[in-house]
Protein chains: 2
Amino acid sequence: MSNIPLVFWLVPIAGVVALAMAWHFFRVMMREQEGTPRMREIAAYVRHGAMAYLKQQYKVVGIVFAVLAVLFALMAYVLKVQNPWVPFAFLTGGLFSGLAGFFGMKTATYASARTANAARSGLDRGLRIAFRSGAVMGLVVVGLGLIDIAMWFLILNCFYAGEPMALVTITTTMLTFGMGASTQALFARVGGGIYTKAADVGADLVGKVEANIPEDDPRNPATIADNVGDNVGDVAGMGADLYESYCGSILSTAALGATAFAMNGEMQVKAVIAPMAIAAIGIFLSLFGIYAVRTREGATMRDLLRALGRGTNLSAVLIALASFAILYLLGMENWWGLSLSVVTGLLAGVIIGQATEYYTSQSYRPTKSIAEASQTGSATVIIKGIGTGMISTMVPVVTISVAILLSFLFANGFDLSMGTASISRGLYGIGIAAVGMLSTLGITLATDAYGPIADNAGGNAEMSGLGEEVRHRTDALDALGNTTAATGKGFAIGSAALTALALLASYVEEIKIAMVRAAEGGRQFLDAAGNAFDPSAAGINEFMTYFQVTLINPKVLTGAFIGAMAAFLFCGLTMGAVGRAAGAMVDEVRRQFRERKGILEGKATPDYGRCVEISTRSAQREMIVPSLLAIIIPIVVGLVLGVGGVLGLLTGGLAAGFTLAVFMSNAGGAWDNAKKYVEEGNFGGKGSACHKATVVGDTVGDPFKDTSGPSLNILIKLMSMVSIVMAGLTVACA
Amino acid sequence: MSNIPLVFWLVPIAGVVALAMAWHFFRVMMREQEGTPRMREIAAYVRHGAMAYLKQQYKVVGIVFAVLAVLFALMAYVLKVQNPWVPFAFLTGGLFSGLAGFFGMKTATYASARTANAARSGLDRGLRIAFRSGAVMGLVVVGLGLIDIAMWFLILNCFYAGEPMALVTITTTMLTFGMGASTQALFARVGGGIYTKAADVGADLVGKVEANIPEDDPRNPATIADNVGDNVGDVAGMGADLYESYCGSILSTAALGATAFAMNGEMQVKAVIAPMAIAAIGIFLSLFGIYAVRTREGATMRDLLRALGRGTNLSAVLIALASFAILYLLGMENWWGLSLSVVTGLLAGVIIGQATEYYTSQSYRPTKSIAEASQTGSATVIIKGIGTGMISTMVPVVTISVAILLSFLFANGFDLSMGTASISRGLYGIGIAAVGMLSTLGITLATDAYGPIADNAGGNAEMSGLGEEVRHRTDALDALGNTTAATGKGFAIGSAALTALALLASYVEEIKIAMVRAAEGGRQFLDAAGNAFDPSAAGINEFMTYFQVTLINPKVLTGAFIGAMAAFLFCGLTMGAVGRAAGAMVDEVRRQFRERKGILEGKATPDYGRCVEISTRSAQREMIVPSLLAIIIPIVVGLVLGVGGVLGLLTGGLAAGFTLAVFMSNAGGAWDNAKKYVEEGNFGGKGSACHKATVVGDTVGDPFKDTSGPSLNILIKLMSMVSIVMAGLTVACA
């Protein structure tokens, strides 16, 4: 292991530090009081519901993992079309991704009552507890990610060090553990997303609209399920999702680095380590930012936002500066160009976040005009919201496009020759930009997980009947959470797009490796003209020519069509699932109201457990089909249309899926805040016809922004991951 | 002109026959009585409103055409980066496309009162008049199309015959008149779409929802504007759109044929003539089908549908058989393979039509379940509709994908070598499939234009206070129109996708010609490795390699992102436009109800003119930005990202735009019919809470299915056309 630069050891150290700090924040939070017996009781209800769900979910996912692992083992040891490490890598990826969600959620369910209780004595204390509890998840995700990466890197190094092309083999093998993470993440996002929105929509439709009782009212039987949903969907789902983006971006960049610098052993190992090192530095500087978040009593919404903004921006600026230092110290070729790629990624993340805020916050024109449209009824609220959401795709798409081009050019030193070397280094730069964007994850995820904690704290305060002032404070925290959730979603989508793009390039590398292996096994490859094709000598351009991955090849074009369709189909299935599950919930709540008259008068306790059970069962049943689809489509396309078809599929899925995800998330966020804007007293305020119209918008937006939209992030990454893992099979059958 | 095969003369003859038959049907219709004075009065209102709108629209479009023509003239005669015929071809394309819409609409506005009047004496007479009047537009579109094509072919032949590569030059020059047709079509679709939905949504929101008066009630001030809208949007817009698809598919196929068979002069001219000849035969056989449509009194909805189905299916089967005959007689190489490509296109059209019917008709599960969702309110109606619409993209996309692959393989004789010859012939096959799909246009467009005529006849009957029985008959005709409109939209989208794909391939040819011209002007092209590149000797594969149009080139990938975004942005802008215009209409209708109390009591006549004016003005103002965007985006992408970026843009735009268009059209159609299903007495029937919920769905669906969705067809074709026309500039600046 003498060839591993010293800087590498930063990676496991950063991982351990992140976990230690997460443990520290968790302990500090646990020392807080949970408040009145009523508060403790409600928190326990939510916690048990969430844990019961997660257990159930892990059972189902466990079966899927077992089946897939056996399949991979067959492919690896019997059919020999798979790397022998894949089954194990797949399992650890899934395990760690699941753990990240589990720890994040456990913390969140302990933190909500404590946040509500702390809010009784002051706004700043409430913010600090909620935010630091959110930071637990941020730190667990990045910590587990780097530890998993470091561990596999060391293990594989023991086996392959010294072999020719060792680093290429190691990094592409590691990449496959991303598929485990993706699979886990997809189930978490889809299942959690269906759960949370079935409960939310069901609770709102009967409680708010029909029975006219406020949000989180203890008389609503679905209210506990709604609060459980915030945890399993927004916390556990989000954690698994970003764990996957984080590892995916680092691993694919490492793989791209191993190829781009294959001709220069010394530079190659540096290129592999660089993304890990940037991520490690990101952890330390995120911690710095987390400590910078605090505010004073009497703070306005603007102050709160500024406090969170200060933390994340501080981290981002420091990471930008540190990346110059670390790449220089590492002795990377073109260190300043690569550092500029990091900065490009960071900046793109900030711009997408800002644009998301503009399109979804009630402080700006777009959301206000959706609220305005409520004067002509719910139909115009929907039309306006869909229109606004679609228009809002422009800035993120243009930003990502510019970021792709710039990070490519910075990394290859503006070498426009587009030869193999130029392209490989440019693609490495795109990966580095993705790592840059995600390097602040420790803190951005904290601001994100903070949202559902504040939301639950508000729910707890309402259900426990805490005073007016406390509700006022938790409302302020919650409103802030809505904005940070929207920017967090923008960030999750942006990073997913860059990561998927890096994975696209990695796919070609994986195909190359599979072909080299097949050639070593005696297989001969002939190109279109009938000449022998030597995969081990060919660069990325030659592979493109060999597989005719051009835009006049009907296989590629058909692949692109199917990719775009897959994104829509997937959204349609998850929307339908939420509709069905919410319908079951509505029936149950109506039944309870009808059969036990005492509930609405506050004299009888509703049966919360039944509603939790309905959400759990619906989510489990409904998540299967869309999730399997995401796994099956790329396999079938690979077998029928070959490498060109797969690349078309991934490109079409990425372009359409990214745009669709931005549209759905932003439309959903804008509807939510348009409703809040009316509730603040505009256009007649709460209870007016305008309010009712915006409630319809908000209800439609729920599955948009919390189920279908965010699940698309994982769809586009998972389709790439599946293709990568199945590369061997595609080559064998081609 | 001795080299032109005799078969060619079928083309102008078919065009003239189509126009003559259109004139005949028009005369027959005009001989019918228009009914009572009240009926005549109302028809006159609608007619004048529609004509006034069209005049206004042509003024605005005229300015755009003047500016673009001057620009093209500059590019052709000063900058010399453009073919000298382009400015003229552009203008005739625009003129003929406009004429097609104009004649179709004029006929429709004369036919509605006559249809209503004929329905007084029987269902069959009503159907026959409405359908034959619709056939006028179908025949005008195909007639003008073939005449324009034949005319330009003969003119250019006079100038170029005998020159080397004459047919390539002629066909690619002709292709550019498609841009005129596209531009006209876009303005017609977008302007007409905004007009019709602003009036419809405005009329429904105040009239049906607030004032509780029925559809088409004469007391509603927006009702005339609503009826005008059916004509300017659904008739004129649809006509211009399909004129463009029709010509675009024939011209791009001819251009692909000229290249694919460039090595064989005799076969080359046959390959150029073949798509025209198939289209010509299609006209004769469509006429045959039109005469076969008739039904008996007391016919059910199912009988009516069967009558129309019999006509179109008969035409389709005959055309399939005839294409074998004509390609054999023409002496085409691989005539049976090409005929199978024609059949593939025809079949794909039928399957997409059937799938559209399944997903949008109230006879099937999807639409019924949307109606069912109304029991839990309007929000679940919207969620369910969006989910269903997204899921409904699967069959059309898979169908088009299979059609692309099959027609490609049939045409190149399953030659998988994918060399230049193999690819060129395969692409020609895709074009032939598009022509096959569109060869039934004479009759399919008749069933399509029939819809708004029947709709207007119903409006006329309602406003004129005709008896119960007459209303019953016009309702039956109208319900049928909704289904044919939905299948017609599926057909329009499917053919647009195939046409756009053929245009994609033609774009590469156009780039080649521009480069050859530049090379003749002394310019030297060097490839990535620095070697000289001779464009005149290179095949399509070499161009792909030269421009690195692969899916790892960041320019191509960014292009794909921007293409997908363009589709969403365009929809967002048109949705927003409808929202704003409908808002203005709502304000006006409310004002009239408020200020003149007599209106609602039926004692005072509302001011219809003001509403017509508001729709006209809004449509004119709002159509500018989205339309210009469609022209500007491909130009900017071409200048910044070059040929690879443009191909990425077109592919991303096509894949995402096609899927988005299917989603929007089907969701809109399903919402409309879910409302109708409730109105038939299900879930409480008219006036119930469920009905109100489905009215919200229908209102949201209006701009989906009649503005944004169909405009996307033209967006994807126009972006290709603009790229083709700007090819010279892209090469000059690259």
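Does any residue of the range B:384-395 turn out to be within 14 Å of chain A (Cβ to nearest Cβ), surrounded by fewer than 24 Cβ atoms within 10 Å (Cβ to Cβ) and in contact (Cβ under 8 Å) with a residue 40 or more places away in the chain? Yes; the residues of the range B:384-395 include at least one that is within 14 Å of chain A (Cβ to nearest Cβ), surrounded by fewer than 24 Cβ atoms within 10 Å (Cβ to Cβ) and in contact (Cβ under 8 Å) with a residue 40 or more places away in the chain. Would you be able to say whether some residue in the range B:714-734 is of a type in the set (A, V, I, L, M), surrounded by fewer than 24 Cβ atoms within 10 Å (Cβ to Cβ) and within 13 Å of chain A (Cβ to nearest Cβ)? Among the residues of the range B:714-734, at least one is of a type in the set (A, V, I, L, M), surrounded by fewer than 24 Cβ atoms within 10 Å (Cβ to Cβ) and within 13 Å of chain A (Cβ to nearest Cβ), which makes the answer yes.
Residues that are under 19 Å from A:T388 (Cβ atoms) and either within 14 Å of chain A (Cβ to nearest Cβ) or open to solvent by 10 Å² or more (accessible area, probe 1.4 Å) (or both) are absent from the range B:553-562 altogether. Considering the range A:405-433, and only residues there that are within 7 Å of chain B (Cβ to nearest Cβ) and in a loop (DSSP other than H, G, I, E, B), the residue that is most open to solvent (accessible area, probe 1.4 Å) turns out to be A:S417. Is there a residue in the range B:604-612 that is of a type in the set (G, A, S), part of a helix (DSSP H, G or I) and open to solvent by less than 10 Å² (accessible area, probe 1.4 Å)? Checked the range B:604-612: no residue is of a type in the set (G, A, S), part of a helix (DSSP H, G or I) and open to solvent by less than 10 Å² (accessible area, probe 1.4 Å).
Just one of the listed residues (A:V381, A:V398) is within 10 Å of chain B (Cβ to nearest Cβ), under 28 Å from B:I633 (Cβ atoms) and out of contact with any Leu (no Cβ under 7 Å at 6 or more places or on another chain), and it is A:V398. Out of all the residues in the range A:613-624, which are more than 20 Å from the chain's Cα centre (by Cα) and surrounded by fewer than 17 Cβ atoms within 10 Å (Cβ to Cβ)? A:R617, A:R621 - these are the residues of the range A:613-624 that are more than 20 Å from the chain's Cα centre (by Cα) and surrounded by fewer than 17 Cβ atoms within 10 Å (Cβ to Cβ). Among the criteria (1) part of a helix (DSSP H, G or I); (2) over 15 Å from B:N456 (Cβ atoms); (3) not aliphatic (A, V, I, L, M), the one B:Q33 does not fulfil is (1). Per the conditions (1) touching a Phe, Trp or Tyr at 6+ places or on another chain (Cβ under 9 Å); (2) farther than 28 Å from A:G431 by Cβ, the sole criterion not satisfied by A:F561 is (2).
If I filter the range A:377-404 down to residues being polar (S, T, N, Q) and in a helix (DSSP H, G or I), which single residue comes out as nearest to A:A656 (Cα to Cα)? Across the range A:377-404, the extreme among qualifying residues is A:S401. Selection of helices (runs of 4 or more DSSP H) fully inside the range A:122-212 by the criterion of at least 3 residues being surrounded by fewer than 21 Cβ atoms within 10 Å (Cβ to Cβ) returns A:123-160.
In this structure, B:L329 qualifies as over 25 Å from the mean Cα position of the chain (by Cα), closer than 23 Å to B:G15 by Cβ, open to solvent by 50 Å² or more (accessible area, probe 1.4 Å) and hydrophobic (A, V, I, L, M, F, W, C). Filtering the range B:616-627 to residues that are within 23 Å of A:M390 (Cβ to Cβ) and in contact with a helix residue (DSSP H, G or I) (Cβ under 8 Å, 6 or more places away or on another chain) leaves B:S618, B:A619, B:Q620, B:E622, B:M623, B:I624, B:V625, B:P626, B:S627.
The number of residues in the range B:342-365 that are within 14 Å of another protein chain (Cβ to nearest Cβ) and surrounded by fewer than 24 Cβ atoms within 10 Å (Cβ to Cβ) comes to 2. A:G648 meets all of the listed conditions (1) surrounded by 20 or more Cβ atoms within 10 Å (Cβ to Cβ); (2) closer than 29 Å to A:Q57 by Cβ but one, namely (2). Is it true that some residue in the range A:692-707 is open to solvent by 10 Å² or more (accessible area, probe 1.4 Å) and either over 23 Å from A:N227 (Cβ atoms) or hydroxyl-bearing (S, T, Y) (or both)? Yes: one or more hits. Which of (1) away from every other protein chain (no Cβ under 14 Å); (2) over 23 Å from the mean Cα position of the chain (by Cα) does A:T183 not meet, given it meets every other one? Unmet condition: (2). Just a yes or no: is a residue in the range B:484-495 open to solvent by 10 Å² or more (accessible area, probe 1.4 Å), more than 9 Å from chain A (Cβ to nearest Cβ) and free of Cβ contacts under 8 Å to residues at least 40 places away in the same chain? No, the range B:484-495 has no match at all. Taken over the range B:578-602, the criterion of being crowded, with 24+ Cβ neighbours inside 10 Å and more than 8 Å from every other protein chain (Cβ to nearest Cβ) is satisfied by B:A581, B:M585, B:V589.
Selection over the range B:518-552 of residues that are part of a helix (DSSP H, G or I) and open to solvent by 30 Å² or more (accessible area, probe 1.4 Å) gives a count of 7.
Selection within the range B:1-49: residues that are of a type in the set (G, A, S) and under 18 Å from B:F288 (Cβ atoms). The member of this set that is farthest from the chain's Cα centre (by Cα) is B:A20. Of all the numbered requirements in (1) open to solvent by 20 Å² or more (accessible area, probe 1.4 Å); (2) under 30 Å from B:D204 (Cα atoms), A:V381 misses one, and that requirement is (1).
Within the range A:469-477, is even one residue under 22 Å from A:N227 (Cα atoms), more than 14 Å from chain B (Cβ to nearest Cβ), surrounded by fewer than 22 Cβ atoms within 10 Å (Cβ to Cβ) and among the small types (G, A, S)? Checked against the condition, which is being under 22 Å from A:N227 (Cα atoms), more than 14 Å from chain B (Cβ to nearest Cβ), surrounded by fewer than 22 Cβ atoms within 10 Å (Cβ to Cβ) and among the small types (G, A, S), the range A:469-477 yields at least one hit. In the range B:628-638, the condition of being in contact with a helix residue (DSSP H, G or I) (Cβ under 8 Å, 6 or more places away or on another chain), within 14 Å of another protein chain (Cβ to nearest Cβ) and not aliphatic (A, V, I, L, M) is met by no residue. For the range A:676-712, the tally of residues that are away from chain B (no Cβ under 12 Å), of a type in the set (D, E, K, R) and in a helix (DSSP H, G or I) stands at 4.
The values are calculated or read from the model by the stated rules, or taken from the named source; none is laboratory data. Not measured: the values here are computed from a predicted model. With ideal geometry, Cβ positions are generated from the backbone for all residues, glycine too; neighbour counts draw on all protein chains shown. Quick note on the areas: whole protein, heavy atoms, side chains included, nothing else; ligands and nucleic acids left out. Shrake-Rupley method; radii C 1.70, N 1.55, O 1.52, S 1.80 Å.
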